[in-house]
Amino acid sequence: MTDLTQFLPDIAWSSVAPEIAMTVAVVVLLLMTVAGRRRMWVATPMGLAIAGVGVALLVVESTSPADPSLPGLLAIVAGVALVALTFGLAGVPRALHAWIAGLGAGAALVLTAWQIFDVAWTGSLFAASTTMEGSVAMDGLAIFTRITVYLSTLLVLPIGFAYVRDRNIHRPEFEPLLLLSAVGMALLGAANDVITLFIALEVLSIALYVLTGSARRDRRSQEAAVKYFVLGAVASAILLYGFALSYIATGSLELPGIALGMADPGSPLRLLAVSMVLVLVGVGFKVALVPFQLWVPDVYEGAPTNVTAFMGAATKAAGFAAMLRLFVVAWAPLADLWVPIVAVLAGLSMAYGAWAALVQDDVKRLLAYSAVAHAGYATIGIVSLSDAGLSATMWYLFTYAITSITALGGIIAIERRNHRAVSISDLNGLGRTSPALAAVMSLALLSLAGIPPTLGFEGKLGVFTAGMLSGLTWLVVLGVVTSVVSAFYYLRLMGAMFLTDPAPDAPVPAYSHGWNAGVTVAAGLIVYLGLQPSILLDLAERAAVLAR
Amino acid sequence: MTSLDIVFILVAVVTGGAAVMTVTSRNLVHAALFLGVTLAGIGATFLLLAADFVAMVQVVVYLGAITVLFLFGLMLTRAPIGRETLDSRNRPMAMVVSAALFGILVVLIVRAFGSNQFPATEPISSSVADLGMAIFSTWVFPFEVVSMMLLAALVGAVLLARRQSGDSGTETRVTPIREALDDSTEELDRAPAELGSGGER
């Protein structure tokens, strides 16, 4: 009998603590759905168990009474809050589910902050390390992706709450799928070997396919889901093929190991080039770079708008995190080969996105094409191939996430009352009929266009600076030109809102408490971080550390 | 050429042929059965590589479960089983694209290895115990995340399949698909019509 203890893996719970919090929330939500009216019988023992784990953590982990373990305290609070929420919202299960999901995402965000200050902080830079036998990276990219993803989740939950109720598409499975998708995204940002990366990608994709089709009676939603699923499955297969080839060529599944194998002069370069191209196709699909962007307009248009907001904001952040890690870590020795290709794709995305958005009439489609353009801007940071570019891409994705959630939040309010897709003419005279909504929309559009002093400006400034520092002048010039073009169609929307008269029977957009809260926070972040970007920008700059 | 090579060529021809038949067959049931043959061929390839356990998993999961699932799906959804065309106008285009992709990949991969072939080694036999040890030590984290993927798929399937009263989007009615069915056959159009009527209340 061999001694099995030598095979026991090291489990570093702290490196995936936010994901554990989210998963617990998923399990609680599913159990409560099954329990129906007897949900108290689920919530009470689960709440007690969570609080009990918290007490145990406090006892084991705390070094002194003055320095209690934060996860322990958080678990106690969350456990008590779970029971309190279940009692307080006993009559409104829908709100209860949304609150519990929000509790999970909030806990994940707090745990991410705890990771920053208690685990990864060394004073000036993040410490990069890998855990779980090299499967999970614990570095700046992983943590910053978590911030973007969980903040997006936390914003989308209240903004879309009343919208799904109005459209009558709310299902108790909605929040668990949203949270599972967010977990997949966070793990995608942290995955340090290709198997974990692929599985995390599938977790987020499967949940998103279903969420896209969750308006089951809406044909556009069905079409979007099928399109997304079929194209996404093909892209995943191509990605997997690329991984298989790189494994043949280098004999390693871990990203740093792939880079080591590539640096070996005897490695089959042609095979590696093929695998690089296949991986680029697979990842390019997820982040919607031209020419892999065909699905974007239809899926953005057909999906329920709150899902669109989540998909646009969080998936992009996670997909780019995976792309950064794959290309900057694993394919680094082949940089001479991929940098020109990816730079051309970035240029094409910016140009095509800006050009196609010009002629759109449906606002969601317009934002979908602008998402393609924004994928191009974020890619500038990757091809810069520098620490500045790395942090610029992370920061850009954060700014884009907040901004696009605000913009789509505005559309949600209009769509709720119109009960149909929002075209530009639906925005006519919005500045007069509902000035607050028009102001928020305008703020988001200005930020998307990158006009100072909004958050979007700070983001674009970062990627353009990084591009210039790396000598990619042509790409930056193209970026500035397309930004000017895109400003035209964003301003066209604003013109419709403020310069035209409202239609006489124009419906008044509908608000709700959740929508108010979510959009106010998002718009506040756009203004505040636009004026005072240093808080998170510093973090992004210090987070430019990759586990290698 | 060893006997192993001959067996491999036979298996490869059968697998490849069945794969082609899967996508060219005009009858959905035949396509599903050909898919079964393809998957069995892949299982046989695993056996040739001395990966006994993977071969068994391939047979049990893919051949046993997936193919049967396909057939049940066809049966239960009353999908058009007959000989009607499953083609779209994009068929020539799709053939060109896939043939080009196949050609490019074959050329690139063959040229990538060139003359420096991998040293011919005896197939390494890996026992189930080795696999289990690898899964639960080195790959324990991805293994755990797989369970999350399954959970997402399960919950998603429930969301898509479960019918709920008052379950509608902005546009409702799905037009029933009426194929060229002669009226004498049983009430074939009932199931699609039900789908569009908003479910039972």
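So here's what we get for this one:
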| item | result |
| --- | --- |
| Taking the C-alpha atoms of the range B:1-83, convex hull volume expressed per residue in Å³ | 65 Å³ |
| Counting all C-alpha pairs of the range A:123-542, share separated by more than 34 Å (%) | 25 percent |
| Taking A:T433, A:T308, A:T86, B:T24 and counting other C-beta atoms within 10 Å, the order from fewest to most | B:T24, A:T433, A:T86, A:T308 |
| Whole-angstrom gap from the range A:468-488 to the range B:39-62, using each part's C-alpha centre | 52 Å |
| Sequence-distant residues sharing a close amide H with A:V136 (under 5 Å, placed H) | A:T131, A:N192 |
| Rounded to the nearest 20 debye, dipole of chain A from Cβ charges on Lys, Arg, Asp, Glu | 1500 debye |
| Rounded, prolate or oblate (a/c below 1.5 giving rounded, otherwise prolate when a/b exceeds b/c) for the protein assembly as shown by Cα gyration tensor | rounded |
| Lysines whose Cα lies under 17 Å from that of A:K460, excluding same-chain neighbours fewer than 8 positions away | A:K316 |
| A:R167, A:R548 arranged by Cβ crowding within 10 Å, fewest neighbours leading | A:R548, A:R167 |
| Charge dipole of the range A:9-122 about the Cα centre (unit charges at C-beta), most positive-ward option of A:L30, A:I50, A:I76 | A:L30 |
| Cβ-Cβ FRET estimate between A:T44 and A:W474, R0 fixed at 60 Å, reported to 0.05 | 0.45 |
| Local net charge near A:S14, Cβ-Cβ under 14 Å (Lys/Arg +1, Asp/Glu -1) | -4 |
| Part-to-part distance (alpha-carbon centres) for the range A:408-455 and the range A:79-148, which is given in Å | 31 Å |
| In nm, spacing of pseudo-spin labels at A:D264 and A:H419 (7 Å Cα→C-beta vector) | 6.6 nm |
| Where labels lie 7 Å past Cα in the beta-carbon direction, separation of A:D505 and B:V110 in nm | 6.8 nm |
| Burial ordering of A:L188, A:L345, fewest other beta-carbon atoms within 10 Å first | A:L345, A:L188 |
| Helical segments meeting 24 Å axial Cα length and Kyte-Doolittle 1.6 threshold in chain A (DSSP H) | A:17-35, A:40-61, A:70-88, A:174-190, A:194-212, A:269-287, A:473-499 |
| Length-normalised contact order for chain A - Cα pairs under 8 Å, 6+ apart - percent | 15 percent |
| For the range B:1-83: relative contact order, % (alpha-carbon pairs under 8 angstrom, 6 or more apart) | 29 percent |
| Positive minus negative residues near A:I116 (Lys, Arg vs Asp, Glu; Cβ under 12 Å) | -1 |
| √(5λ) per eigenvalue of the Cα gyration tensor, the range A:136-204, largest first, Å | 27, 14, 6 |
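Throughout, read-outs are computed from the coordinates displayed, never taken from laboratory work. Computed from a predicted structure; not experimentally measured. Note that we place each Cβ from the backbone using ideal geometry, even for glycine, and neighbour counts take in every protein chain shown.
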